[in-house]
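Quick notes on the structure that follows.
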Amino acid sequence: MVKSEEAKRRVAFVLIDGLGDVSLPMFGNKTPLQVANLPNLDAISSAGVNGLMDPVEVGLACGSDTAHLSLLGYDPRVYYRGRGAFESMGAGLAMSPGDIAFKSNFATLDEKTGVVTSRRADRHFEEEGPILCAALDQMKLPNFPQYEVRVRYATEHRCGVVVKGPKLSGNISGTDPLKDNRLLLQVQPLDDSEEAKNTAAVVNELSKEISRILVDHPINETRAAQGKTIANVVLLRGCGIRIEVPEFEKLHGLRPCMVAPTKIIAGLGLSLGIDILEASGATGDYRTLLTSKATAIASALSAPFKSCPNVFVPGEDEHKPGPSDGYDFGFLHIKAIDDAGHDKASIFKAKGLEAVDRAIGQLAKLLWQAETGGDFQYYICVTGDHSTPVEYGDHSFEPVPFALCRLKDFVGAVGGESRLLETSLDPFPLPKVEPGENLLDGSRIQEEKKRAFRGDGVSEFNEVAAARGFLGRFGGSEMMGIIKTFLQV
């Protein structure tokens, strides 16, 4: 192993979507992070520096897209142009300047009343979704034949929709009423430009033609016969164009890669020039294989000693190889915790965090094996993009914990190299919640922690402990600066 001062520094950045929460009476007025058993996350806090982070600004309940832009060093007030391009690019649709795109849901419409009875036709739409998207892809608009429509399945009930043609504007409203049992909306221009007015007319026709095709599709006939909700409308929201920004590597001096099966995050990464890596079994939902994600990031960060995974290219059938000398910044995105918050699944959120902790232990083991046999020195950083409290079922403005440490110090905090190398690398599913299960009845309420291994005296990874950290409370726009300072880049 080379001397640490000569080693190339690389960081594994783990972002847990919807990480933060509020205290819950059912957990003895503690948050899911406080009641979950998280030895690896606690070790990161114990070994390094901590703080509370407001992803965009204090008091703002932000979306994942604006939060990610802010955290990665791009002011969303300057660069944000709607989330539709992110979703569509992540789903595999190439976009050119002038194209518009939508983040879209397969939903259920009462055709007699025009009311959207369910904004999600079915969360588990992995089989039907691609077939319906294929039926919609390259559809024709009778009154606007000069426009091309591309549709690609994303995840769960979502798809990406891109419109290509002349005089298009991203400055329009959408068709999504945002709540069930409300009227399907008509698209409106948001300014007085001819482009916005024209685009609104095009998209309103697009919405009608999508429903016409879906109503008569055999999949919906089968679902109706089985008593299931049908997908007879696609809600078009978040109209956006591809943003033009300085690439991440040029901005920060770190070669980046990302594992993000959630298409909107993958598309955002592509927009910033971040390579998107494939990870077998990683789905971006409750069925995801966390071990596969950890292995893909570890392989990318430990190159050239291990070959880099293939890199996803939107709009192309093949993948390109990653750089032979590897990456400096490996971004691992984990979505399931946010889903638990939206589904108001308090016990699953705590147990899901324990699964994430287990995967972080696997990632640390793989990186430590690379560090002890190579030319790199590794760091681990963990945080969230926003809070999704299970009490609310939606994003909120509470800050999220942030922790960053050197891998060598993490090894000491978990009990030494021999303890870390005992970590199993076998894949595992996210846990199931048993009927009537109560975490207060089990062993997950943690005992009083020992003193911090080193760092700033914080020994637990949660919202309360992080407030005592050396970094205090800071804005997400400062995050990359903190990481680079810690790495001495």
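The values are calculated or read from the model by the stated rules, or taken from the named source; none is laboratory data. In this text, all values refer to a predicted model and were calculated from it rather than measured experimentally. Methodologically, a virtual Cβ is constructed for each residue, glycine included, from the backbone with ideal geometry; neighbour enumeration extends over all protein chains shown.
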Item to complete: Of the conditions (1) over 30 Å from SER346 (Cβ atoms); (2) polar (S, T, N, Q); (3) touching a residue at least 12 places away in the same chain (Cβ under 8 Å), THR423 clears all except one; give me its number.
Response: (1)
Discussion item. Just to verify a result, which residue in segment 463-489, among those that are in contact with an Asp or Glu (Cβ under 6 Å, 6 or more places away or on another chain) and surrounded by 15 or more Cβ atoms within 10 Å (Cβ to Cβ), is nearest to ARG406 (Cα to Cα)?
Written reply: GLY469
Response to the item:
Only one of (1) at pLDDT 95 or above; (2) more than 27 Å from the chain's Cα centre (by Cα) does not apply to GLY442, and that is (1)
Worksheet item: Just wondering, is there one or more residues in segment 277-285 that are at pLDDT below 85, assigned to a loop (DSSP other than H, G, I, E, B) and acidic (Asp, Glu)?
Response: yes
Worksheet item: Among the residues of segment 248-270, is there at least one that is surrounded by fewer than 16 Cβ atoms within 10 Å (Cβ to Cβ), in contact with a strand residue (DSSP E or B) (Cβ under 9 Å, 6 or more places away or on another chain) and of a type outside the set (Phe, Trp, Tyr)?
Response: no
Worksheet item: Is at least one residue of segment 34-41 among the polar types (S, T, N, Q), out of contact with any strand residue (DSSP E or B) (no Cβ under 6 Å at 6 or more places or on another chain), surrounded by fewer than 24 Cβ atoms within 10 Å (Cβ to Cβ) and not in a helix (DSSP H, G or I)?
Response: yes
Worksheet entry | Test set (1) among the hydroxyl-bearing types (Ser, Thr, Tyr); (2) in contact with a Leu (Cβ under 6 Å, 6 or more places away or on another chain); (3) surrounded by fewer than 15 Cβ atoms within 10 Å (Cβ to Cβ) - THR113 fails condition number | (2)
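Given the criterion more than 30 Å from GLY28 (Cα to Cα), more than 30 Å from the chain's Cα centre (by Cα) and at pLDDT 95 or above, identify the matching residue among SER424, SER477, SER418. Explain how you work it out, then say what you get.
Details: SER424 fails: more than 30 Å from the chain's Cα centre (by Cα); SER477 fails: more than 30 Å from the chain's Cα centre (by Cα).
Unique residue meeting the criteria: SER418.
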Practice prompt. Evaluate segment 186-203: report whether one residue or more is out of contact with any His (no Cβ under 6 Å at 6 or more places or on another chain), crowded, with 18+ Cβ neighbours inside 10 Å and not in a helix (DSSP H, G or I).
Written response: yes
Item to complete: Name the single residue, out of those in segment 338-347 being closer than 22 Å to PRO435 by Cβ and in contact with a Gly (Cβ under 9 Å, 6 or more places away or on another chain), that is surrounded by the most Cβ atoms within 10 Å (Cβ to Cβ).
Response: GLY341
Practice prompt. Find all pairs meeting these conditions: Cβ atoms under 6 angstrom apart; at least six residues apart or on different chains; first residue within segment 114-131 and under 10 Å from HIS157 (Cβ atoms); second residue of a type in the set (Ser, Thr, Tyr) and buried (at least 19 other Cβ atoms within 10 Å of the Cβ).
Written response: SER118/THR108; ALA121/THR108; GLY129/TYR153
Discussion item. GLY73 - would you say it is at positive phi and either outside the structural domain of SER169 (by TED's automatic domain parsing) or touching a Leu at 6+ places or on another chain (Cβ under 8 Å) (or both)?
Written reply: yes
Discussion item. As an exercise: evaluate PRO431 against (1) surrounded by fewer than 14 Cβ atoms within 10 Å (Cβ to Cβ); (2) at pLDDT below 95 and give the number of the one condition it does not meet.
Written reply: (1)
Worksheet item: Only one residue in ALA101, ALA61, ALA43, ALA67 is closer than 28 Å to PRO261 by Cβ and at pLDDT below 95. Which one?
Response: ALA61
